[in-house]
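Working notes, structure below.
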Amino acid sequence: MALGPGDSPGFLLWHATLRWQRQIAAALGPLDLTHVQFVLLACTWWLNTRDGVHPNQLALARQAGTDVKMTSQVLRALEAKGLIEREVDPADSRARRLRVTSAGAELAPRAIAAVEDVDARFFRSVAHDDAVSLLGRLADPEA
């Protein structure tokens, strides 16, 4: 017997993801950030402030799970907005090291709070540890 869409985990995940993405976009719109801009800004801010690291674009793409070429394009947009600076890596003139500007450092925590608020509301019917465990397994390329 064929399963209906409501019985398909992939179909349900698709719909849940679309709903979550719409809510994230609505929260980030007033901050003038797209979702991918947010992810790259937040990851850069986190690496700069927590680890004291100024990642290159490749390291940031790996951290964020984004395509390297797309990452470069989005970083140019964040640079044009004055949120990050891309500096030539002294060890490799082809690479760019990333640093959040003061405007980026002010915006990143506000954007993170907005996204965390969406996440809290979106996942409120699921225990936090259960959601993190399941999504961590689904996101693991080795699984």
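The values are calculated or read from the model by the stated rules, or taken from the named source; none is laboratory data. All values derive from a computational prediction rather than experimental measurement. So basically every Cβ, Gly included, is an ideal-geometry build from the backbone, and we count neighbours across all protein chains shown.
Checked against (1) at pLDDT 95 or above; (2) in contact with a Lys or Arg (Cβ under 7 Å, 6 or more places away or on another chain), ASP89 passes all but condition (1).
Evaluate the following for GLN73: is it over 17 Å from LEU28 (Cα atoms) and in contact (Cβ under 8 Å) with a residue 24 or more places away in the chain? When the stated conditions are applied, GLN73 does not pass them.
Within the range 93-134, restricting attention to residues that are within 15 Å of the chain's Cα centre (by Cα) and within 20 Å of LEU12 (Cβ to Cβ), the residue that is surrounded by the most Cβ atoms within 10 Å (Cβ to Cβ) is VAL118.
Could you look through the range 31-66, keep only residues that are among the charged types (D, E, K, R) and either touching a residue at least 12 places away in the same chain (Cβ under 8 Å) or under 17 Å from ARG86 (Cβ atoms) (or both), and pick out the one that is surrounded by the fewest Cβ atoms within 10 Å (Cβ to Cβ)? Even if it seems obvious, please write down each step before you answer.
Filtering the range 31-66 for residues among the charged types (D, E, K, R) gives 32, 50-51, 62.
From what's left, either touching a residue at least 12 places away in the same chain (Cβ under 8 Å) or under 17 Å from ARG86 (Cβ atoms) (or both): 32, 62.
Working: ASP32: 11, ARG62: 14.
Restricting to residues being among the charged types (D, E, K, R) and either touching a residue at least 12 places away in the same chain (Cβ under 8 Å) or under 17 Å from ARG86 (Cβ atoms) (or both), the top hit is ASP32.
Listed by first and then second residue, the pairs with beta-carbon distance under 7 Å, at least 6 apart or on different chains, first residue in the range 1-30 and farther than 15 Å from PHE123 by Cβ, second of a type in the set (Phe, Trp, Tyr) and part of a helix (DSSP H, G or I), are PRO5/PHE11; LEU28/PHE38.
Taken together, ALA108, ALA103, ALA95 contain a single residue that is touching a residue at least 12 places away in the same chain (Cβ under 8 Å) and within 20 Å of ILE24 (Cβ to Cβ), which is ALA108.
Between ASP89, ASP51, ASP32, the distinction of being under 24 Å from ASP140 (Cα atoms) and out of contact with any helix residue (DSSP H, G or I) (no Cβ under 7 Å at 6 or more places or on another chain) belongs to ASP51 only. Cβ-Cβ distances below 9 Å connect the following pairs, each with a first residue in the range 76-88 that is surrounded by fewer than 17 Cβ atoms within 10 Å (Cβ to Cβ), a second residue that is of a type in the set (A, V, I, L, M, F, W, C) and modelled with pLDDT under 95, and a separation of six or more residues or different chains: VAL88/ALA95.
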